[in-house]
Structures are given as structure tokens and as C-alpha cells.
Amino acid sequence: DAGVTQSPTHLIKTRGQQVTLRCSPKSGHDTVSWYQQALGQGPQFIFQYYEEEERQRGNFPDRFSGHQFPNYSSELNVNALLLGDSALYLCASSFLSGRGGAQYFGPGTRLLVL
Amino acid sequence: DQQVKQNSPSLSVQEGRISILNCDYTNSMFDYFLWYKKYPAEGPTFLISISSIKDKNEDGRFTVFLNKSAKHLSLHIVPSQPGDSAVYFCAALTGSARQLTFGSGTQLTVLP
């Protein structure tokens with residue numbers, strides 16, 4: 001049973017560029033959430049996707065956008081990259097109906113913006 | 001405003017002894033609390049959770065205690081093993097989207 005997978009593992013971009021990160025959820029999960037983890041901090045919620053729609057968004061600007069595909073996989077897009085966007089981006093999957101169910105995380109994509 | 005706080009950035013314990021990791025929260029709307037463990041270069045791994053209507057949940061060497069009146073929870077690991085050395089995050093669930101709010105983490109080091 002494959003867990004959550006993310007690609008790429010590492011990425012280097014320059015300011016102003018755009019980036020797309022990808023995530024495949026754990027088998028059977030229907031919901032994908034994205035988190036940003038800066039150095040020395042806990043992950044911060046970016047947004048969540050279910051049934052190909054954004055259900056909720058955290059305190060992130062519109063430069064951060066996403067998409068969910070019919071097979072439940074998801075993409076995170078960041079436009080007009082800033083130095084402060086350098087972080088570990090984590091994808092987590094879960095069942096929407098799982099009220100107390102844990103979210104299962106992928107290994108993350110480490111983004112460096114120069 | 002940090003709604004979930006882990007005030008100890010690091011903790012060292014001897015192998016075989018008890019590790020106690022603490023977490024405080026401010027939002028009374030949180031209805032589930034979870035602990036995650038994170039090794040370098042890996043994503044967080046779910047350890048154990050507790051509903052806000054419970055005060056204790058146990059799973060093997062891991063026990064989570066919740067004190068709602070104090071808005072405090074703790075994770076006990078007994079006995080601690082060197083492989084437990086990792087960063088531990090406390091997280092809380094709320095809302096219809098069930099978004100996780102994380103603390104800043106505690107680096108646990110278990111000394112052989």
C-alpha cells in the first residue's frame with residue numbers, strides 16, 4: 001500500500017518564477033491538504049482540496065493556488081516566488097469523513113528561492 | 001497568535017526512562033489533538049490522537065493526556081528508546097475542513 005508521494009523532492013528557483021509541486025494521496029483517501037513548513041517552525045496550513053474544489057484556505061496569498069484531479073492527486077502552484085517562500089512543502093491526505101482521523105504526510109518538497 | 005504552543009524546543013532523556021513532551025493550546029474549538037514525529041528529510045508521521053471528550057489515550061509505549069480545563073496536553077513515552085529521537089509536533093484539529101494547527105515542535109534526544 002503506497003503512502004503519500006510527492007515530487008520533486010528538491011527544487012531551486014529564482015525570485016519571480018513560478019513553481020508546481022505534485023502530490024499523490026494514500027490509496028483510498030479523498031482529501032488532500034497542503035502545508036508549508038519554514039525552518040524551525042511547525043507546518044502551516046495552506047489549503048485543502050476535496051472533490052476537485054478548494055474547501056478551505058489558510059492565511060496565504062492568492063499567489064498560492066492548487067488543483068485536485070479526478071484521481072484525487074493534487075498540485076500546488078506558487079506564482080511570483082519570493083525569498084520567503086523557501087520552505088518544506090508538505091502534502092497530507094485523509095478521509096473527509098474522518099472526524100478525528102489523522103492526516104498522513106508525504107516526505108515533502110524542499111523549495112529554495114534564490 | 002500561536003494557538004498551539006510547545007514551549008520546550010528540546011528535551012534529552014536517558015534510554016529506558018520516561019519522556020514527557022508538553023503542549024498548550026488557546027482555542028477551545030479544537031476537538032481532536034494529535035502527536036506527530038518527524039525525522040530529518042521525512043514528512044511527519046502520525047503517532048497518537050485524543051478526542052477532546054477524553055482525558056487519556058494509550059497505544060503501546062505512547063500515552064497522551066488531555067487536561068481541558070488547563071488547555072494542556074502531554075505525550076508520555078515509556079520506556080524511551082534511541083530510535084525515538086526526533087522532532088515531536090503537537091497538532092489540533094478544528095473546523096469542517098479538519099485543518100491541523102501545529103505547534104513549533106520539540107526535539108527529543110534519547111541518550112543510550
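The values are calculated or read from the model by the stated rules, or taken from the named source; none is laboratory data. Please read these numbers as outputs of a predicted model, since none were measured by experiment. Cβ atoms come from the backbone with ideal geometry, glycine included; neighbour counts cover every protein chain shown. Surface areas here come from the heavy atoms of the whole protein model, side chains and all, with no ligands, DNA or RNA. Shrake-Rupley method; radii C 1.70, N 1.55, O 1.52, S 1.80 Å.
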For the range A:1-54, enumerate the residues that are farther than 16 Å from A:GLN103 by Cα and hydrophobic (A, V, I, L, M, F, W, C).
A:LEU11, A:ILE12, A:VAL19, A:LEU21, A:ALA38, A:LEU39
Qualifying positions in the range A:30-43 - of a type outside the set (A, V, I, L, M), within 11 Å of another protein chain (Cβ to nearest Cβ) and more than 13 Å from A:PHE105 (Cα to Cα):
A:GLY40, A:GLN41, A:GLY42
The one condition in (1) within 22 Å of B:ASN7 (Cβ to Cβ); (2) within 11 Å of chain A (Cβ to nearest Cβ) that B:ALA86 fails to fulfil:
(2)
Counting only residues that are open to solvent by 10 Å² or more (accessible area, probe 1.4 Å) and under 13 Å from the mean Cα position of the chain (by Cα), the range B:82-97 contains a total of 1
Can you name the residue in the range B:3-14 that is surrounded by fewer than 14 Cβ atoms within 10 Å (Cβ to Cβ) and over 13 Å from B:VAL87 (Cβ atoms) and is also farthest from the other protein chains (Cβ to nearest Cβ) among such residues?
B:GLN14
With respect to the numbered conditions (1) in contact with an Asp or Glu (Cβ under 6 Å, 6 or more places away or on another chain); (2) within 9 Å of chain A (Cβ to nearest Cβ), which one is the sole condition not fulfilled by B:THR101?
(1)
Exactly one condition in (1) within 13 Å of chain B (Cβ to nearest Cβ); (2) surrounded by fewer than 21 Cβ atoms within 10 Å (Cβ to Cβ); (3) assigned to a loop (DSSP other than H, G, I, E, B); (4) of a type outside the set (A, V, I, L, M) is false for A:SER27; which is it?
(1)
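Table: residues versus (1) modelled with pLDDT of 95 or more; (2) within 13 Å of another protein chain (Cβ to nearest Cβ).
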| position | (1), (2) |
| --- | --- |
| B:ILE18 | yes, no |
| B:ASN22 | yes, no |
| B:SER28 | no, no |
| B:LYS37 | yes, yes |
| B:ALA41 | no, yes |
| B:ILE53 | no, yes |
With respect to B:SER69, determine if the residue is surrounded by fewer than 21 Cβ atoms within 10 Å (Cβ to Cβ), at the interface with chain A (Cβ under 9 Å from one of its Cβ atoms) and farther than 17 Å from B:LEU108 by Cα.
no
Residues in the range B:42-72 that are in contact with an Asp or Glu (Cβ under 7 Å, 6 or more places away or on another chain) and closer than 29 Å to A:LEU39 by Cα: how many?
5
With respect to the numbered conditions (1) open to solvent by 30 Å² or more (accessible area, probe 1.4 Å); (2) within 11 Å of chain B (Cβ to nearest Cβ), which one is the sole condition not fulfilled by A:SER94?
(1)
Sole exception among (1) more than 10 Å from chain A (Cβ to nearest Cβ); (2) under 29 Å from A:ILE46 (Cβ atoms); (3) in a strand (DSSP E or B); (4) open to solvent by 50 Å² or more (accessible area, probe 1.4 Å) for B:VAL64, by number:
(4)
